[in-house]
Amino acid sequence: MTTTSRPPGQPPVTTPAAPAADSHAAAVRRLPWAWPIAILVGFPIGGLVANLIVGKIDTAAAALAGGLIAGGIIGAAQWLALRPLVPWLWVVATSVGMAVGLGAGAALVDYGISRGDLAVMGAITGLGVGGLQAAVLAPRVSGALWWAAVNPAAWALAWLVTSFVITSNVKEHFTNFGAAGALLFALLTWLLLRFFFQGNQREGKPLER
């Protein structure tokens, strides 16, 4: 915010700072390339690091720990692409949401890796991640519940794509889908993010830090 001085006896006028508005507009403009890059980098690296540290996701403890690690890396990559449109709490929401979602999803399918198992596990993981991320989005955009609704389907579809492309990685019980699934996930979720933030710009709504 900036303050404009007024004659004596009159209160100062406070106006929104132009640099903040410009930074938000610039962040929206770079979404078409920044978001896909974040997804294509964050998901494979997050899954690899979690696999190296935790190993196979075949127990509750491994699922929780792997979800926290992979989710933290994925969330950080996404936050770097989205800032200043969302706060750093996005990273925490992604990490915790993935730990809870993966823990529940993997246990529900008894740590199976059939295509059906992966789709169910992905949907529940997406519900955990998308739900907490939507809570971060809610004060900043209209229709944030759509984010919670779309993520389960996007995660399930991404896992299905991965199961056809890199079956060897699937057998290693990774925390999340690989680059092939990430490409589809990036496209589906980018379209929704574009709708959110461009819609806010048209309506003149402020995007808080």
Self-check item: Residues located in region 112-141, provided they are buried (at least 18 other Cβ atoms within 10 Å of the Cβ), at pLDDT 95 or above and not aliphatic (A, V, I, L, M)
Solution: 117, 122, 125, 126, 128, 130, 131, 133
Quiz item: Failed condition for residue 19, given (1) of a type outside the set (A, V, I, L, M); (2) under 13 Å from the mean Cα position of the chain (by Cα); (3) at pLDDT below 90, with all others met?
Solution: (2)
Self-check item: Test: residue 86 is surrounded by 23 or more Cβ atoms within 10 Å (Cβ to Cβ), modelled with pLDDT of 95 or more and more than 20 Å from residue 152 (Cα to Cα)
Solution: yes
Exercise. Could you look through region 196-209, keep only residues that are touching a helix residue (DSSP H, G or I) at 6+ places or on another chain (Cβ under 8 Å) and part of a helix (DSSP H, G or I), and pick out the one that is modelled with the lowest pLDDT?
Key: 201
Quiz item: Going by the structure shown, is residue 67 closer than 16 Å to residue 125 by Cβ and touching a residue at least 40 places away in the same chain (Cβ under 8 Å)?
Solution: yes
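The values are calculated or read from the model by the stated rules, or taken from the named source; none is laboratory data. In this text the structure is predicted, and so the values were computed from the model without any measurement. Note that each Cβ is placed from the backbone with ideal geometry, even for glycine, and that neighbours are counted across all protein chains shown.
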